1. Tell me the label-point distance for the pair N35, E2, using the 7 Å Cα-to-Cβ offset, in nm and rounded to one decimal.
2. Going by how many other Cβ atoms sit within 10 Å of their own, how do V121, V138 line up, fewest first?
3. Measure nothing but the geometry: give the 0 to 90° angle between the long axis through the Cα atoms of 20-40 and the longest principal axis through the Cα atoms of the chain, rounded to 10°.
4. If you keep only loop residues by DSSP, which GluC sites (Glu not before Pro) in the stretch 1-84 have at most 13 other Cβ atoms within 10 Å of their Cβ?
5. Can you list the residues of the stretch 66-91 with backbone N under 19 Å from a point 7 Å past the Cα of S17, pointing along Cα to Cβ?
6. At 7 Å along Cα-to-Cβ for each site, give me the label-to-label distance between A101 and S147 in nm.
7. Under 18 Å from the 7 Å Cα→Cβ point of R108, by amide nitrogen: which residues of the stretch 123-139?
8. Amide H to amide H under 5 Å from R132: which residues, 5+ apart in sequence or cross-chain, H placed 1.01 Å off N in plane?
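Just so it is clear, none of the values below were taken in a lab; they were calculated from the coordinates. This is a predicted model, so every value here is computed, not measured. We place every Cβ from the backbone using ideal geometry, glycine too, and count neighbours over all the protein chains shown.
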Amino acid sequence: MELKTRLSEDYKAALRSGDKLRVSVIRLLGALIKNREVEKRGPLTDGEVLQAIVASCKQRQEAIEQYGQGGRQDLVQKESAELAILQSYLPRPLASDELQAMVLEAIREVQATSPKEMGKVMGVLMPKVTGRADGKVVNTLVREALSKS
């Protein structure tokens, strides 16, 4: 099922069940997706919708950190609940060995031999792992693999 369709169905179900938090989160995500569609001047692909969800997750994680430092546990709990809802739309995270194999495959695909070619590898790899692995972790693995070769 297309991700936007799933979001729409879940939104309707949350409205019917009276789940105000889920309605709020999906509504905000819908607005973000709509804004990105206006910027793009066309409908988003599932990959682009996934990027929007990942961006929302990162925002929530940063907010949780900030609220935690400020001693606002009530807001930490609210943001954590919203983050859990958003994460339910992300694909299964990659195991470290799966990610390592994908990194090596991408390096072979672009025939990279030095850390200077990291951009090529990341360009091929990131669309495949969006939402399934943290970009910083991927970056570190690619850097390590290229420095060994």
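1. 2.3 nm
2. Final ranking by Cβ density, sparse to dense: V138, V121.
3. 50 degrees
4. E2
5. 78-91
6. For the pair A101/S147, the computed spacing is 2.6 nm.
7. Output list for this probe position: 124-126, 128-129.
8. For R132, no residues qualify.
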